[in-house]
Amino acid sequence: MDDMKTWPEVEKAATEKRRELVLQGAAADKKISTHGGLTPAVYSLTLLNYLEVSQCPSLTELHDDIQHLSNLQSLILCRNKLACIPDVIGSLKSLKVLDVSVNNLKFLPEGVAQLQELTTLNVSCNSLEALPNGLSHCTKLSTINVSKNRIAGFPEDLYSERLGLLSTLVASDNAIVELSRDIHMIPALKLLDLSNNKLSEIPSTLSDCPKLKEINFKGNKLNDKRLEKMMNGCQTKSILDYLRGKGRHGEESGDVDGGRNADKKKRQQQKKKNKTEGDDDEVAEVNKMVVRILHVSDAPATLTVRVSAEVKDVRPYFVCCVVRGLNLKSGNALKRFLIAQTKLHEEICGKRTIATIATHDVQLLKHPLVYEAKPPTQLKIVPLGRKEMTAVELIRHLQLEADELRKQKKRQNVTGLHKYLQLLQGKALYPCLVDAEGHVISFPPITNSEKTKIKKTTKELFLEVTSASSLQICKDVMNTLIAKMAELNKFTAEHQEEAGSGGEGDITPPDQAAGADASCELTVQQVRTVDQDGNLKVVYPSKTDLSSKDIPNLTVIW
């Protein structure tokens, strides 16, 4: 090909008959900009089963020749500026994973519904107003993510028994006004996230979803204010039980006898009037989560983190604090916290591309701390579960592991740390948090150090959030993390798990449970970050953080 020399990755894939091609970041974007799109040579690589073109703002369209890549199983086109996807994408009969998140898409072609092998569809962070009809033909779909779009509702055929493997449906931050009563027709649904939409009602039939384990309807203005309170604070089981009760009492039964329904409604209204405020108090108490702020001036040993000037061009934004009172000892509390942190990384942190969270055991920290940037050859860390190595060695190890995993999994997406390697691509310096003894305890966005790893016995946590985007994003992520910690603490206290137990089923009576008398209140100690001259950059939390307006049911005591 005439321009093959300017695309060495493509030439290598062709000559070595590779099954995988990754084009990402500034270098690939420059070539796409220069040539007015992807080189046609890409579409001649008919052996490919994994193609990724990401973080290339110059990529605004795909050529119809993509239909020639008939062996593709994974097509990753995230973080570009794609305005449309050609309808011929339906010709990719082997495609299992389609990720076109963070683009400028206003619609999806009908051809998507022809992808009968598709298991994962990620179209989050676009401008879609609707999903195409016919998705029920994609009978192997297990995950759909349409968050952060402009979707007003789901197509009717999405509520179908044909989607017998669909377990995850994420549609947060849209404009959805109604959830069909047929939602229970999706038999394998485990996670449903419709937070921050325009729903006013939740159908009682949701409680008939046989495998539903996690729901999120926060940020919707529901007509049923009691249910709205529960959605903002209670666990899934409590909400489903409440909806099940509504269904039994015929509030949404669809009874054609209008008079009978009217009588029921009158009786219910009268009953509500006659009730004391006990129920509301009960819900408020159940939902109550308390965070007490310990001011810098009140802290016996004030923590300060110095931020060096070198991080300005790498990952400049950093906030941190200390949290006490989180119960990690009981049952699966630690496991639940780590799972919640991973979920935050996937969602609000945009798979670590927007921000990264790190947690440390305060007792294992050597103060003072410095957030700085080092050359990859000079940055040494003991990564979680590994021996000490330089950042160069760690990245090399992770890349080799990623390659091996892709081979084992027939070049499907890899998991774990490997997904984040591209975030440091092209950086001359790497960000890190260093303790008083010169040990690197955090290497964002890749990993923490084994030296400060939290355990069940951890009593105080040092939390850090870093970002290359903005300081406010760091604060928003930290706010969400602390609110989640308060929620987890409440859950642990309510379920009274035995200290040190290994499973959810290890429950002891309240008077025998470890820590049964302990408060589930969290204490958050403010921490200052200063520049290299000692000038204050930020103190977290400030009075504008952890607002009860943004985090319902969270009581903050200053």
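Here are a few things to note about the model shown:
- Residue among Leu163, Leu189 that alone is more than 26 Å from Leu488 (Cα to Cα), surrounded by 20 or more Cβ atoms within 10 Å (Cβ to Cβ) and hydrophobic (A, V, I, L, M, F, W, C): Leu163
- In segment 324-349, residue least open to solvent (accessible area, probe 1.4 Å) [restricted to those that are over 22 Å from the mean Cα position of the chain (by Cα) and charged (D, E, K, R)]: Arg324
- Of the criteria (1) modelled with pLDDT of 90 or more; (2) open to solvent by 80 Å² or more (accessible area, probe 1.4 Å), which one Gln270 fails: (1)
- Residue within segment 310-323 that is crowded, with 19+ Cβ neighbours inside 10 Å, at pLDDT 90 or above and over 19 Å from Leu433 (Cα atoms) present: no
- The set of residues from segment 50-76 being within 15 Å of Glu20 (Cβ to Cβ) and either within 27 Å of the chain's Cα centre (by Cα) or surrounded by fewer than 20 Cβ atoms within 10 Å (Cβ to Cβ) (or both) comprises Tyr50, Leu51, Glu52, Val53, Ser54, Asn71, Leu72, Gln73, Ser74, Leu75, Ile76.
- Of all residues making up segment 168-177, the number that are closer than 21 Å to Lys213 by Cα and either more than 16 Å from the chain's Cα centre (by Cα) or modelled with pLDDT of 95 or more (or both): 0
- If the condition is being among the small types (Gly, Ala, Ser), modelled with pLDDT of 90 or more and part of a helix (DSSP H, G or I), then segment 18-59 contributes Ser33, Ala41, Ser44.
- Residue match in segment 99-115 (condition: charged (D, E, K, R), outside any loop (DSSP other than H, G, I, E, B) and closer than 23 Å to Asp173 by Cβ): yes
- Residue that is nearest to Lys218 (Cα to Cα), among those in segment 482-497 that are touching a helix residue (DSSP H, G or I) at 6+ places or on another chain (Cβ under 6 Å) and open to solvent by less than 40 Å² (accessible area, probe 1.4 Å): Leu488
- Taking every residue in segment 29-41 that is in contact (Cβ under 8 Å) with a residue 40 or more places away in the chain and pairing it with any residue that is open to solvent by 70 Å² or more (accessible area, probe 1.4 Å), at least 6 positions away or on another chain, the pairs with Cβ-Cβ distances below 6 Å are Ala41/Met1.
The values are calculated or read from the model by the stated rules, or taken from the named source; none is laboratory data. Note that the structure is a prediction, hence the values are computed from the model and not measured. FYI the Cβ positions are ideal-geometry reconstructions off the backbone, even for glycines, and counts take in every protein chain you see. Quick note on the areas: whole protein, heavy atoms, side chains included, nothing else; ligands and nucleic acids left out. Shrake-Rupley method; radii C 1.70, N 1.55, O 1.52, S 1.80 Å.
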